[in-house]
1. Only one of I170, I196 is β-branched (V, I, T), outside any loop (DSSP other than H, G, I, E, B) and in contact (Cβ under 8 Å) with a residue 12 or more places away in the chain; which?
2. With the condition kept exactly as written, say whether any residue in the stretch 30-44 is farther than 28 Å from M165 by Cα and buried (at least 17 other Cβ atoms within 10 Å of the Cβ).
3. Identify the residue in the stretch 54-75 that is hydroxyl-bearing (S, T, Y) and surrounded by 14 or more Cβ atoms within 10 Å (Cβ to Cβ) and, among all such residues, is farthest from L121 (Cα to Cα).
4. Kindly check whether there is at least one residue in the stretch 99-115 that is assigned to a helix (DSSP H, G or I) and in contact with a Lys or Arg (Cβ under 6 Å, 6 or more places away or on another chain).
5. Considering the stretch 116-153 alone, what residues qualify as being within 26 Å of T56 (Cβ to Cβ), assigned to a loop (DSSP other than H, G, I, E, B) and modelled with pLDDT of 90 or more?
6. If I filter the stretch 86-96 for residues that are surrounded by 14 or more Cβ atoms within 10 Å (Cβ to Cβ), within 12 Å of ligand 1 (Cβ to nearest atom) and part of a strand (DSSP E or B), do I get at least one hit?
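The values are calculated or read from the model by the stated rules, or taken from the named source; none is laboratory data. Keep in mind that this is a model prediction, so the values were computed, not measured. Quick reminder, even Gly has a Cβ in these numbers, built from the backbone with ideal geometry, and neighbours come from all protein chains shown.
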Amino acid sequence: MRRGALIMFEGCDRTGKSTQSRLLYNTLLQENHPVKHMSFPARESTIGQVINSYLTNQQELSDETIHLLFSANRWEYKNEMKKLLEAGTTFIVDRYSYSGVAYSVAKGLNYDWCISMEKGLLRPDAVFYLNAPIEQLQDRGNFGDERYEKLQFQRKVLSVYEEMMTKENINWVNIDAVGTKESIFENIYKQAKTIIKESVEKPIDVIT
Ligand code: Z5A
Ligand code: MG
């Protein structure tokens with residue numbers, strides 16, 4: 001049995017992660033590739049509902065508490081994801097551990113503490129990092145609706161992502177996220193096909 005690939009989308013707010021991850025999912029689906037789309041936070045679980053009420057400003061939690069909940073929300077799905085990956089399903093995932101670290105470190109939490117609870121989660125075969133200057137993202141839809149969508153904070157998030165790209169030894173694929181949705185997708189699709197082909201030869205690994 002050939003395993004599926006684990007492909008993540010990361011980046012600052014409004015860089016187009018949801019748009020592009022959905023486009024990739026739908027395209028693979030049309031090609032009859034066994035594929036699943038996931039978003040973190042996965043707001044449908046009990047933990048996900050607490051996260052949602054925090055993000056929509058209905059509930060206050062300490063920075064450490066919400067960090068642990070975001071991580072626990074990924075751990076909730078680990079075993080099920082692993083089983084499906086082994087059975088040949090490719091996962092296209094909208095945000096993952098690297099969002100967890102980026103936002104919490106931007107708030108002032110310790111980098112090593114933040115990444116420690118991600119160790120042992122499934123290691124991505126690739127992380128598409130959608131890269132765009134923050135100033136160019138503000139006029140995209142809904143900017144500023146949720147808790148973290150303020151300009152200064154987004155600048156900090158961006159700098160933590162840049163730090164992670166030098167520290168975390170994973171397959172970062174830098175994507176220029178300025179341009180039309182179609183042109184950005186063309187670039188992503190080409191690279192995703194190669195990643196999927198190459199992943200089947202590799203063992204499923206965990207983040208160390
Ligand atoms: N968070 C955390 O702190 N810790 C964690 O561990 C995790 C998450 C997993 C909610 O996440 C918050 O949770 C998030 C991080 C934190 N912080 N905030 N805010 P979320 O994933 O649910 O956030 P979201 O509401 O989906 O927003 P987003 O992910 O930042 O947006 P996006 O997915 O990158 O963008 P999009 O929805 O695809 O596009 C945004 C708009 O731009 C939309 O109107 C599009 O039509 C438009 N768009 C997309 N592409 C383009 C191009 N190329 N040109 C012009 N306009 C475009
Ligand atoms: Mg999104």
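1. Working: I170 fails: outside any loop (DSSP other than H, G, I, E, B).
Of I170, I196, the one residue that is β-branched (V, I, T), outside any loop (DSSP other than H, G, I, E, B) and in contact (Cβ under 8 Å) with a residue 12 or more places away in the chain is I196.
2. Taking the stretch 30-44 and keeping what is farther than 28 Å from M165 by Cα, we get 30-34, 44.
Filter again for buried (at least 17 other Cβ atoms within 10 Å of the Cβ), leaving none.
No: the stretch 30-44 contains no residue that is farther than 28 Å from M165 by Cα and buried (at least 17 other Cβ atoms within 10 Å of the Cβ).
3. Step one: list which residues in the stretch 54-75 are hydroxyl-bearing (S, T, Y), which gives 54, 56, 62, 65, 71.
From what's left, surrounded by 14 or more Cβ atoms within 10 Å (Cβ to Cβ): 54, 71.
Details: Y54: 24, S71: 9 Å.
Looking at residues that are hydroxyl-bearing (S, T, Y) and surrounded by 14 or more Cβ atoms within 10 Å (Cβ to Cβ), I get Y54.
4. Filtering the stretch 99-115 down to residues assigned to a helix (DSSP H, G or I) leaves 99-107, 111-115.
Still in the list and also in contact with a Lys or Arg (Cβ under 6 Å, 6 or more places away or on another chain): 106.
Yes: one or more hits.
5. Result: M117, E118, A132.
6. Checked the stretch 86-96: at least one residue is surrounded by 14 or more Cβ atoms within 10 Å (Cβ to Cβ), within 12 Å of ligand 1 (Cβ to nearest atom) and part of a strand (DSSP E or B).
A quick yes/no check of all residues on (1) under 19 Å from N187 (Cα atoms); (2) of a type in the set (S, T, Y); (3) without any contact (Cβ under 8 Å) to a residue 40 or more places away in the chain; (4) within 8 Å of ligand 1 (Cβ to nearest atom):
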| site | (1), (2), (3), (4) |
| --- | --- |
| A5 | yes, no, no, no |
| G16 | yes, no, no, yes |
| Q20 | yes, no, no, yes |
| E31 | yes, no, yes, no |
| M38 | no, no, no, no |
| A42 | no, no, yes, no |
| N52 | no, no, yes, no |
| T56 | no, yes, no, no |
| Q59 | no, no, yes, no |
